[in-house]
Amino acid sequence: MFSFLKDKIKKAVDSVSEKFKKEEEIPVVEEIKEKPKKKLKEELKKKIEEKKKEIQEEIKRENLQDEIQEKGFLKKLSEKITTRKISEEKFESLFSELEMALLENNVALEVIDKIKEDMKIDLVDTPLSRGNIEDQIKNSLKNSISDLFEKSFDILDKMNKKPYVICFVGINGSGKTTNLAKVANYLQKNKKTCIFSASDTFRAAAIQQLEIHGKKLGVKVIKHNYGSDPAAVAYDAIEYAKKHKIDAVLIDTSGRLHSNENLMAELKKIIRISNPDLTIFVGEAITGNDAVEQAKTFNEQIGLDGIILSKQDIDEKGGTAISIGYITKLPILFIGCGQGIDDLEAFNKDKILQQLGLE
Ligand SMILES: Nc1nc2c(ncn2[C@@H]2O[C@H](COP(=O)(O)OP(=O)(O)OP(=O)(O)O)[C@@H](O)[C@H]2O)c(=O)[nH]1
Ligand SMILES: [Mg+2]
């Protein structure tokens, strides 16, 4: 997971830092360089004296007399002299490498622009010290990426109504049915009872696939025949759940492209009839910007509450996870990380930053 992007980010940050270090030194206090050495010395001495006084007074106030350390202040000053600024022009050329790395790894353009703007604010025309330039660039990148994610939540905290209805939507083969079963497994582990609505009445063997999961988990499946109205199945499942006091109804829907008007109309009907408490878009991490665009359009058409990013285990790039929340303004609830029933991870921003080598 994320291995490509992690390597690329590291390379880009290292290379930017190297280039930056090699640049000719531009002292922060430029006018000082122009002045004769003697005058410069005098000015510095004066500044040191002034600062010393300031510090001493402060320490006196705080009653920390024994911590007066002239050395500390001098060190600070020398750091100041060896710090440098980076111009906007220079930043553009230094950023291009990182930009390429992000682009190659499926990070959306809009997101790259946002990262660039954030890093510009942090790094352009700001005194930067040579010693830890890598850390400063990394920190700036980390803060910017960290800002991209919408606040996630735990479904369990939202289940204040019985039955709690969850509908899974997305394009063909994105992992809806598998991840629906994983969510049921998660709910069961937390003592919640579930029922499945086999509302994919379209794809051959879709009902059987759901029944296999149901059997393994001990979850009842409400089904009609193939070709029947999927909204009617959802209605029946909810009625059954009400009658039997079941905690959650999980509705499996057939895969559809957001551009298919008939199938989107059918989905709107399922949503209208079942009135889900949570509509989850299941998108494949490996499809990059396509998944981001699909999520955006599904959200516009039917209204989504969250995202499960499936197949993260086979996505070495990682750009989708970084882009999808920012572009759709939706939280990622879970990451699908395998085909097994337990291969579902609650979304964790810090873990992603760690996997990107930024923590
Ligand atoms: N590696 C990996 N495979 C996954 C993951 N989630 C689902 N899959 C696999 O993706 C394939 C499609 O999964 P389904 O759950 O059937 O997808 P779907 O969206 O329900 O498909 P349709 O109903 O045909 O639209 C299956 O082989 C799953 O095992 C995941 O997180 N990681
Ligand atoms: Mg399915």
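Seen from Thr193, the other residues with C-beta closer than 9 Å to its C-beta sum to a net charge of +2, counting Lys and Arg as +1 and Asp and Glu as -1.
Overall shape of the range 155-355 was characterised from the C-alpha gyration tensor. The equivalent ellipsoid obtained from it has semi-axes of 25, 19, 15 Å, in decreasing order.
Among the protein heavy atoms of the chain, carbon and sulfur supply 49% of the accessible surface, probe 1.4 Å, non-protein parts ignored.
Expressed in units of 2.2 N^0.38 Å, where N is the residue count, the Cα radius of gyration of the chain is 1.36. I want the local charge near Gly338. Using Cβ-Cβ distances under 11 Å, sum +1 for each Lys or Arg and -1 for each Asp or Glu among the other residues. With Lys, Arg at +1 and Asp, Glu at -1, the neighbours total -2.
Under 5 Å from the amide H of Arg256 lie the amide H atoms of Gly170, Ile171, Asn172, each residue being 5 or more positions distant or on a separate chain, with H modelled from the backbone and absent for Pro and chain starts. Taking every DSSP beta bridge that has both ends in the range 155-355, the antiparallel portion is near 10%. Here the range 239-359 is described by how far its Cα atoms reach on the three principal axes: 49, 35, 24 Å, from widest to narrowest. Against the chain, whose longest principal axis comes from its Cα atoms, helix 230-243 is set at around 90 degrees.
Annotation: the antiparallel percentage among DSSP beta bridges lying fully within the chain is about 20.
Max-minus-min Cα coordinates of the range 117-249 on each principal axis give 68, 32, 24 Å, with the largest extent listed first.
Put the Cα centre of the range 335-355 next to the Cα centre of the range 176-205 and the gap is 19 Å. Other residues whose C-beta falls under 13 angstrom from the C-beta of Ile212 contribute a net charge of +1, scoring Lys and Arg +1 and Asp and Glu -1.
Under a model in which nothing but the beta-carbon of Lys, Arg (+1) and Asp, Glu (-1) is charged, the range 217-359 shows a dipole of about 500 debye around its Cα centre.
Each peptide in 276-286, 158-168, 131-141 receives the mean, over its residues, of other Cβ atoms within 10 Å, and ordering these scores from highest gives 276-286, 158-168, 131-141. Structural descriptor for the chain: relative contact order 22 percent, calculated from alpha carbon pairs under 8 angstrom and at least 6 residues apart. With each label modelled as a point 7 angstrom along the Cα→C-beta vector, the Asp342-Ile212 pair spans 2.1 nm. The fraction of all Cα pairs in the range 123-168 landing in successive 10 Å bins from 0 to the largest distance is 19, 28, 17, 15, 14, 7, given as whole percents. In sequence order, the range 203-216 has phi-based couplings of 7, 4, 6, 5, 5, 4, 4, 5, 5, 4, 4, x, 5, 4 Hz under the Karplus curve 6.51 cos²θ - 1.76 cosθ + 1.60, θ = phi - 60°, and Gly or Pro positions carry x.
The values are calculated or read from the model by the stated rules, or taken from the named source; none is laboratory data. These figures come from a predicted structure and were not determined experimentally. Cβ sites come from the backbone with ideal geometry, for glycine too, and all protein chains shown count toward neighbours. The area values use the complete protein model at the heavy-atom level, side chains included, leaving out ligands, DNA and RNA. Shrake-Rupley method; radii C 1.70, N 1.55, O 1.52, S 1.80 Å.
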